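S.K.: Below: one structure in structure tokens.
The values are calculated or read from the model by the stated rules, or taken from the named source; none is laboratory data. The structure presented is a predicted model; accordingly, all values stated were derived computationally and were not measured. Note that each Cβ is placed from the backbone with ideal geometry, even for glycine, and that neighbours are counted across all protein chains shown. Areas reflect the complete protein model, heavy atoms only, side chains present, ligands, DNA and RNA absent. Shrake-Rupley method; radii C 1.70, N 1.55, O 1.52, S 1.80 Å.
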Amino acid sequence: MTYPETKRVDVVDNHFGTTIADPYRWLENDVRRDPDVAAWIDAQNRITRSHLADLPGREVFRARLTELFDFERLTAPDKKGNRYFFTRNSGLANQETLVVREGLDGQDRVLIDPNSWSEDGANALAEWSASEDGSRVAFATQEGGTDWRTIRVLDVETGTLLEDEIAWVRFTSISWATDGTGFFYSRFPEPEKGKVFEATVAGHAVYFHALGTPQSQDRLVYATPEQPHLLHFAGVTEDGRYVITYSSPGSGGSALTVLDLTGEDRKPHALVEDFEHYWSVVGNVGTKLFLTTQKGAERGKIVALDLGDTQPQFTDIVAENEAVLSSASLLGGRLIVCYFVDAKTKIERFKLDGTPDGVIDLPGIGSAGGFHGRAADDEAFFVFTSHNAPTTIYRYDVTTNTKSPWAEPKVAIDLDRIVVEQRFYASKDGTKVPMFIVRRKDVTGPAPTLLYGYGGFAISMIPFYSPASLAWVEQGGAFAVASIRGGGEYGKSWHDAGRRENKQNVFDDFIAAGEYLKAEGITPPDGLAIQGESNGGLLVGAVVNQRPDLFAAALPGVGVMDMLRFHRFTGGQLWMQDFGDPAKERDFRNLLSYSPYHTIQANGAYPAILVTTADTDDRVVPGHSFKYVAALQAADLGARPRLLRVDTRAGHGAGKPTDKMIEEFADMWAFAARWTGLEIETRT
């Protein structure tokens, strides 16, 4: 295959006596302002489209993905006053709409429909929050996949937009004061004109916006100018008394401050000052806070802190156990606690003194949680999903400990034909790692396999319903998800074992997953494709360089590919808690050992690689993928293609229109099928 010509520039950096060439540095430039980068992307997209158009299974996948995505998807409702607020996608709508229901059995009414905001469907509804009485909704808009947001306010009764408009919002929650006079949110300083896309993540701060006033009058609530790269998220307790602010360097833990809105000084006070552990306020009863933490309990526990005491002290309420605490809620006078057991959910109930109070039976093996409800109400809602169970919302009665489906989707696939199993395999150092495998029941021999992974930032790979993966499975392939180290499946130690100097464990775990799939006869010798996005894109790029012989195809998406310069772009400094600091020699040498851009083999047989990214990704900037592809195409890596697919008016993933998702999956699956030998049938 003849690739577009990519110019090389003479750029060399010296790191601790080591000379590092960076001949494709110019591809870091913003496509919106650099015509050379724009022309290069256009040339890459042309050759990629030409290759993908010739793949025999692409149209089959596109048509079937369209059918599989065409089912109603709702979120668990938030009850405010007598109104229930939730989002809905009717199936193939590009964006979710915000809906209100008047009473539990009342009529639904669409409040906000972002599908009318742009011709290409790329503008989305992002964060939103209804006031306590249900009369107002503050909502954030997202344009073309960017992380930047603008907050507006809607009158629920009339559907009228208020004049309030909040700009330069990014990485935020929206939390109303209980009297409805305004809300707390987080934003950055206004970027320099013309440099919005590449603006660094610095100066994040919490503000309070009073309705009917200009943004310039918003009150600064909390900031750390001495630590400008921290992120801050604020939330008001249900009774309206306290504002809790979480401050985080991006990964590894959070500090906590509390602002008593009834206090005289109206100043935030520190509850936790370091970033060593994860903390989360579950709720409060009067002055007593209930919190989850990993401090002194790497798998998590629940503690209480009475702010009314002269010298408040944390006291244990629900002790750590063998399961990993993933979340907790204060509902109907009970603590509802979700745990992971080998990456699967179980839910237990406790009284407020920590006395066990039974369990919540789930409809199957999968993932559950996301409880929505109030501390004093019996009514709550939660979600359940699995690899062979679409996300269903349940209404839960705390007093009777009973549940019933509130929204149960109907999907265009016979899920009885799908079997899910969990297996455990040994990594290079003997560590036992769980992996879910999804197949058709009649597929018992080796089958072309998609292996998915992430391995970072304590993000757990748990069972989830994916219409995209089922399109692959329907065709006779296998879909596997490895819960490798770096995630949070087994608590803090599992995360720590896959970050910074331990990052190689992540790659070893993923490589071992591929070896296991072949050794067990699940995957044929040349039938393994791997996929991952963001940190998972880094994972795919790194393991391909380390073991190109193991994989037939690779699908790295929006990946962090230059580990020596990631901290120089947008929010990259937030990732140093997981990756390390390239400016420190020990971290530099570790990062260089696996950086996908820098460790491509000089020659050899590589798998087919389709790199995906988007022009508006201002989280992991697309320059990572551009440079990586340029380096791949310049090396002598065999006959299989190394291609780049760049989406337009799309970002890191959030807010991507449904039609763009379908097109991207069709391209990826057809590409993977071609190189793993998956035979495509027009109808299974």
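S.K.: Give the residues of region 54-70 that are at pLDDT below 95 and more than 13 Å from Trp675 (Cα to Cα), sorted by residue number.
M.R.: Across region 54-70, the qualifying residue is only Asp54.
S.K.: Asp549 versus (1) part of a helix (DSSP H, G or I); (2) open to solvent by less than 10 Å² (accessible area, probe 1.4 Å); (3) under 21 Å from Gly604 (Cα atoms); (4) out of contact with any Pro (no Cβ under 8 Å at 6 or more places or on another chain): which is the lone unmet condition?
M.R.: If we test Asp549 against (1) part of a helix (DSSP H, G or I); (2) open to solvent by less than 10 Å² (accessible area, probe 1.4 Å); (3) under 21 Å from Gly604 (Cα atoms); (4) out of contact with any Pro (no Cβ under 8 Å at 6 or more places or on another chain), just (2) comes out false.
S.K.: For region 194-206, does any single residue satisfy the condition of being of a type in the set (A, V, I, L, M, F, W, C), surrounded by fewer than 17 Cβ atoms within 10 Å (Cβ to Cβ) and either in contact (Cβ under 8 Å) with a residue 24 or more places away in the chain or in contact with a strand residue (DSSP E or B) (Cβ under 6 Å, 6 or more places away or on another chain) (or both)?
M.R.: yes
S.K.: Report yes if some residue within region 260-269 is under 30 Å from Glu489 (Cβ atoms) and open to solvent by 30 Å² or more (accessible area, probe 1.4 Å); otherwise report no.
M.R.: no
S.K.: Consider Ile20 against the criteria (1) open to solvent by less than 40 Å² (accessible area, probe 1.4 Å); (2) among the hydrophobic types (A, V, I, L, M, F, W, C); (3) out of contact with any strand residue (DSSP E or B) (no Cβ under 7 Å at 6 or more places or on another chain); (4) not in a helix (DSSP H, G or I): it satisfies all of them except one. Which criterion is unmet?
M.R.: (3)
S.K.: Something else now. Of the conditions (1) open to solvent by 20 Å² or more (accessible area, probe 1.4 Å); (2) among the hydrophobic types (A, V, I, L, M, F, W, C); (3) touching an Asp or Glu at 6+ places or on another chain (Cβ under 6 Å), Val153 clears all except one; give me its number.
M.R.: Unmet condition: (1).
S.K.: Restricting attention to region 468-503, which residues are in a loop (DSSP other than H, G, I, E, B) and in contact with a strand residue (DSSP E or B) (Cβ under 8 Å, 6 or more places away or on another chain)?
M.R.: Listed by number, the residues that qualify are Gly476, Gly477, Ser483, Ile484, Arg485, Gly488, Glu489, Tyr490, Gly491.
S.K.: So, one more: From Ala666, Ala614, Ala673, Ala602, grab the single residue that is modelled with pLDDT of 95 or more, over 29 Å from Trp117 (Cβ atoms) and not charged (D, E, K, R).
M.R.: Numbers: Ala666 fails: over 29 Å from Trp117 (Cβ atoms); Ala614 fails: over 29 Å from Trp117 (Cβ atoms); Ala602 fails: modelled with pLDDT of 95 or more.
The conditions single out Ala673.
S.K.: Among all residue pairs at least 6 apart or on different chains, which show Cβ distances below 9 Å where the first residue, located in region 55-66, is under 15 Å from Asp659 (Cα atoms) and the second is in a loop (DSSP other than H, G, I, E, B) and not hydrophobic (A, V, I, L, M, F, W, C)?
M.R.: Correct list of pairs: Phe61/Gln475; Ala63/Thr682; Arg64/Gln475; Arg64/Arg683; Arg64/Thr684.
S.K.: Here is a list: Gly159, Gly121. Which entry is small (Gly, Ala, Ser), outside any strand (DSSP E or B) and open to solvent by less than 20 Å² (accessible area, probe 1.4 Å)?
M.R.: Going through Gly159, Gly121 in turn, just one is small (Gly, Ala, Ser), outside any strand (DSSP E or B) and open to solvent by less than 20 Å² (accessible area, probe 1.4 Å): Gly121.
S.K.: A follow-up question, please. If Leu362 passes every condition in (1) under 15 Å from Tyr84 (Cβ atoms); (2) assigned to a loop (DSSP other than H, G, I, E, B); (3) in contact with a Phe, Trp or Tyr (Cβ under 8 Å, 6 or more places away or on another chain) but one, which one does it miss?
M.R.: (1)
S.K.: May I pose another question? Restricting to strands (runs of 3 or more DSSP E) lying wholly in region 371-450: which have 1 or more residues that are under 29 Å from His495 (Cβ atoms) and either at pLDDT 95 or above or open to solvent by less than 50 Å² (accessible area, probe 1.4 Å) (or both)?
M.R.: Where strands (runs of 3 or more DSSP E) fall fully within region 371-450 and carry at least 1 residues being under 29 Å from His495 (Cβ atoms) and either at pLDDT 95 or above or open to solvent by less than 50 Å² (accessible area, probe 1.4 Å) (or both), they are 379-386, 389-397, 418-426, 432-440.
S.K.: Just give me the residues in region 461-487 being more than 21 Å from Tyr516 (Cα to Cα) and open to solvent by 10 Å² or more (accessible area, probe 1.4 Å), in sequence order.
M.R.: Correct list: Phe464, Tyr465, Ser466, Pro467, Glu474, Gln475.
S.K.: Could you list, in sequence order, all residues of region 98-114 that are open to solvent by less than 50 Å² (accessible area, probe 1.4 Å) and more than 16 Å from Thr150 (Cβ to Cβ)?
M.R.: Passing the criteria: Val99, Val100, Arg101, Gly103, Leu104, Gly106, Leu111.
S.K.: Here's another thing I want to ask about it. Quick one: Ala605 ticks every box in (1) touching a Gly at 6+ places or on another chain (Cβ under 6 Å); (2) open to solvent by less than 10 Å² (accessible area, probe 1.4 Å); (3) among the aliphatic types (A, V, I, L, M) except a single one, so which number is it?
M.R.: Among (1) touching a Gly at 6+ places or on another chain (Cβ under 6 Å); (2) open to solvent by less than 10 Å² (accessible area, probe 1.4 Å); (3) among the aliphatic types (A, V, I, L, M), Ala605 violates only (2).
S.K.: Let me spell it out: the conditions are (1) at positive phi; (2) in a strand (DSSP E or B), and Arg109 meets all of them except one. Which number is the exception?
M.R.: Condition (1) is where Arg109 drops out.
S.K.: Keeping to region 299-318, report how many residues are open to solvent by 50 Å² or more (accessible area, probe 1.4 Å) and within 22 Å of the chain's Cα centre (by Cα).
M.R.: Summing the residues that are open to solvent by 50 Å² or more (accessible area, probe 1.4 Å) and within 22 Å of the chain's Cα centre (by Cα) in region 299-318 gives 1.
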